[in-house]
There are 2 protein chains.
Amino acid sequence: MPYEYRRVSLRPQKHPASVFGLRLRQARIQADIPQDKLGVAIGLDETTASARISRYETGTHAAPYDLAVKIAKVLNVPPTFLFCNDDDLARLILLWAQMSKAEQRRLMAELST
Amino acid sequence: MPYEYRRVSLRPQKHPASVFGLRLRQARIQADIPQDKLGVAIGLDETTASARISRYETGTHAAPYDLAVKIAKVLNVPPTFLFCNDDDLARLILLWAQMSKAEQRRLMAELST
């Protein structure tokens with residue numbers, strides 16, 4: 001069944017009711033990946049992928065940690081970002097993830113003095 | 001039923017099989033709070049508090065996010081610490097939590113340049 005991805009305006013989706021849902025949507029939109037494509041990328045069945053991701057985003061269901069790790073990998077964020085209820089700390093976690101190992105070591109050395 | 005808390009050597013407990021369990025035990029030992037006292041502090045029934053916390057630590061059960069937030073508050077760590085599978089990032093999260101708001105703002109300004 002041939003298909004293509006067309007940018008559709010985001011239907012007014014239910015506002016995420018969980019921290020995980022909020023961060024998941026934030027990271028998914030940042031990565032510009034539609035819900036169904038993300039679901040398939042983490043191994044969900046194509047027919048239910050979009051609905052499953054949608055339910056994690058709205059907080060209807062909680063994703064088990066191992067699935068959260070897969071989601072985080074596809075969205076290129078540390079898994080702990082998805083569980084962060086503090087916006088500033090969430091930003092720090094993303095900044096950390098974009099640093100090189102050398103930059104991370106330098107930061108830790110600086111903060112530990 | 002009068003009772004007192006006596007320091008008992010940590011029985012060789014099953015090694016945590018989950019990231020959450022590992023971080024929970026780490027934070028609980030750091031806070032020097034026994035499992036039953038932690039369980040009661042987050043509102044669990046006294047008779048099952050210790051067993052419930054033990055199962056979260058060994059990874060037998062996964063704590064729902066709202067309970068993780070209560071646990072984090074008692075153990076004085078950000079909730080996201082309990083879901084962090086990267087030791088260096090986990091240390092950064094703890095350092096962040098010990099900073100003043102002014103220090104946090106300074107760090108974010110420095111990292112965002």
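Structure values in brief
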| read-out | value |
| --- | --- |
| Closest-to-axis residue of chain B (Cβ criterion, axis taking B to A), whole Å | B:Phe83, 2 |
| Test item: Cα-centred dipole of the protein assembly as shown, Lys/Arg +1 and Asp/Glu -1 on Cβ, debye | 40 debye |
| Exceeding the 27 Å Cα-Cα cut-off - candidates A:Lys101/B:Lys73; B:Lys70/B:Lys101; A:Lys37/B:Lys73 | A:Lys101/B:Lys73; A:Lys37/B:Lys73 |
| Size of charge dipole - chain A - debye, nearest 20, with Cβ of Lys, Arg +1 and Asp, Glu -1, no other charges | 140 debye |
| Inter-copy separations for A:Gln30, label at 7 Å along Cα-Cβ, nm, ascending | 2.3 |
| Sum of -39500 (n - 2.57) over DSSP H runs of 4+, divided by residues of the protein assembly as shown (222 nm, nearest 500) | -17000 deg cm²/dmol |
| Contact order normalised by residue count of chain B, Cα under 8 Å, 6+ apart, percent | 25 percent |
| GNM top mover of B:Pro34, B:Pro79, B:Pro64 - chain B, alpha-carbon springs below 10 Å | B:Pro64 |
| Under DSSP loop assignment and at most 11 Cβ neighbours within 10 Å, longest chymotrypsin sites (Phe, Trp or Tyr not before Pro)-free interval of chain B | B:6-113 |
| Using a 7 Å Cα-to-Cβ projection, B:Met108 label spacings across copies, nm, ascending | 2.4 |
| Alpha carbon centroid spacing (whole Å) that separates the stretch A:92-113 from the stretch B:57-78 | 26 Å |
| Inter-copy label distances at A:Pro64 (7 Å, Cα→Cβ; nm, one decimal) | 1.8 |
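Only the coordinates and a few stated rules stand behind these numbers; no lab work does. Note that the coordinates shown come from a computational prediction; the quantities given were computed from them, not determined experimentally. Here Cβ is always computed from backbone atoms with ideal geometry, including for glycine, and neighbour counts include all displayed protein chains.
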